[in-house]
Amino acid sequence: MTEYMKSFVIAGIESGTFYCTDNGEGYILITDTNGNHPNFGSIVRMAKRMKNALGGWGKLFSFLKQANSGSTGKPLELQMKKQKKPYVKVEMLIVTEKYQGQGYMRKLMEFAYRMADKNGCPCILDTDAKGKCDRYVHLGMKLVQTREAAGCKIYDLMYSKKEQGGKRMNWSRTILDGIVMCVIFNAVVGMFFFVFPQAYSTMFPSGIKKAARPYVEKSEVVKMYFVLIPLYLLMFLYMAVSAHMAGVSGFKEMFRTGYTEMMFVNAGDFFLLDMLARIYVKDKGLIKGAENHPDWEWKGWWKLAVPEHGLAWPVLVCPLTGLIVAGFAALLY
C-alpha cells in the first residue's frame, strides 16, 4: 500500500499539484478543473507504479473493479463533472505523525479553501473514515452525502465560500459558558473586595466614592486593576477557545457568542453584586468613611447600577467583548 500511495505522490509532484508546509510538517495533493491535474504521461506512469505495487495489471484492474463494486450513489466529483461545474479537489492530505494535533491539517485545508475561493468554486474531497469526516466538518466542510463502495462507507464533503457565514453559535455551550464566566467573574471580584475594599469604592455611586476618598490608597487601586484586567483578558481568551472547540466559526458568530456570554456576566454582576452584596457591605460597614451613607439604599444606588448594567454594558462593554473574542479567535485559529 505504501508503494501504491507513493504513485499518487509522484504523479502530484510531476504535475505540480503536490504541496507541503514550510518545513515538511504536512502535505496535500490538490487537483482542479482548470487544468491543474496530472497530465497523460503522469497518469500512465502512475498506473505502471500502481501495477507494480499491486503485482500486475490483472490485480490492478481487479482492485479498481472491487473499489467500485457495490457502489450506492455517484461520487460527488462525477456529479459535478456531469453538471459541468468547476471544483477544487483534495486528493490526499498527510500530516506527519510528529506534527499531528498542532494545527497543520487546518493550515493545509485553508490553503485548499483559498485556492477554491480564488477559482470561484467549491472545494471537495472524500474519505472512508468517519473520524476524518468529522474533523473536516469541524474545519468548515459540509457533509454532502454518504455512499457505499466495496463494502465501505464513503463520505463526500464540500466547502463553498457562498455557504460560509461561519458555523452558527452553539446556544447550549454559550449558555453554559456564560453561567461559568458569571460565577467565576463575580467570585473573583467578591473575593478581592475583602482584600482591598476601599479601592472598590472608586466604582461605587458618587456620594459613597466622595465619602470614602480620604481612605483610599492609590496603590490598592492599582492592585485592583492588576486583578481585573487579567481577569477580563482570561475570560475573553476562554470564550474564544471554548467557542472554537464547539465548532463555532466566522466573525459574526464569534461576536454573537462573546456578546451573549458577557451579558450573562452583566446579569450576574447586577443581581449578585449590586443587589445582594451591596446589602452585606452596607450592613457590615466595610467601606470606611461611607458606613451610613444614604446611597447604599436602592433609591441612591440605582442611579449608577441601572444605567451601567442596562445601557453601558449592553451598548459598550458586551459589543467590545464580542469584537475582542472574534479577534482572538481569528488570531489563534
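A few remarks follow.
- Restricting Ala240, Ala267 to those that are within 30 Å of Tyr136 (Cβ to Cβ) and aliphatic (A, V, I, L, M) reduces the list to Ala240.
- For segment 311-321, the criterion of being among the hydroxyl-bearing types (Ser, Thr, Tyr) and free of Cβ contacts under 8 Å to residues at least 24 places away in the same chain is met by no residue.
- Among residues of segment 57-90, those that are in contact with a helix residue (DSSP H, G or I) (Cβ under 9 Å, 6 or more places away or on another chain) and at pLDDT 90 or above, counted: 6
- Residue match in segment 150-171 (condition: surrounded by fewer than 14 Cβ atoms within 10 Å (Cβ to Cβ) and within 30 Å of Phe270 (Cβ to Cβ)): yes
- Of everything in segment 175-223 that is outside any helix (DSSP H, G or I) and not β-branched (Val, Ile, Thr), the residue that is surrounded by the fewest Cβ atoms within 10 Å (Cβ to Cβ) is Phe194.
- Taking segment 72-173 as the region of interest, none of the strands (runs of 3 or more DSSP E) fully inside it holds 2 or more residues being touching a His at 6+ places or on another chain (Cβ under 6 Å).
- Residues that are at pLDDT below 90 and charged (D, E, K, R), drawn from segment 116-127: Asp117, Lys118
Quick grid of which residues meet (1) of a type in the set (Gly, Ala, Ser); (2) under 27 Å from Leu139 (Cβ atoms); (3) part of a helix (DSSP H, G or I):
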{"site": "Glu261", "(1), (2), (3)": "no, yes, yes"}
{"site": "Arg278", "(1), (2), (3)": "no, no, yes"}
{"site": "Gly289", "(1), (2), (3)": "yes, no, no"}
{"site": "Leu320", "(1), (2), (3)": "no, no, yes"}
{"site": "Phe328", "(1), (2), (3)": "no, yes, yes"}
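- In segment 87-137, the residue that is surrounded by the most Cβ atoms within 10 Å (Cβ to Cβ) out of those that are under 16 Å from Leu29 (Cα atoms) and acidic (Asp, Glu) is Asp126.
- Among the numbered conditions (1) buried (at least 18 other Cβ atoms within 10 Å of the Cβ); (2) out of contact with any Cys (no Cβ under 9 Å at 6 or more places or on another chain); (3) closer than 23 Å to Ala199 by Cβ, the only one that Thr257 does not meet is (3).
- Taking segment 269-296 as the range and being of a type in the set (Gly, Ala, Ser) and in contact (Cβ under 8 Å) with a residue 12 or more places away in the chain as the test, the residues that pass are Ala277, Gly289, Ala290.
- Residue that is nearest to Met105 (Cα to Cα) [pool: residues in segment 25-37 that are more than 25 Å from the chain's Cα centre (by Cα) and either of a type in the set (Ser, Thr, Tyr) or part of a loop (DSSP other than H, G, I, E, B) (or both)]: Thr31
- If you go through segment 237-249 and pick out every residue that is surrounded by fewer than 22 Cβ atoms within 10 Å (Cβ to Cβ) and either touching an Asp or Glu at 6+ places or on another chain (Cβ under 6 Å) or under 17 Å from Pro319 (Cα atoms) (or both), you end up with 3.
The values are calculated or read from the model by the stated rules, or taken from the named source; none is laboratory data. Predicted model, so just to flag it, every value in this text is computed and none were measured. No Cβ is skipped: glycine too gets one built from the backbone with ideal geometry, and neighbour counts run over all protein chains shown.
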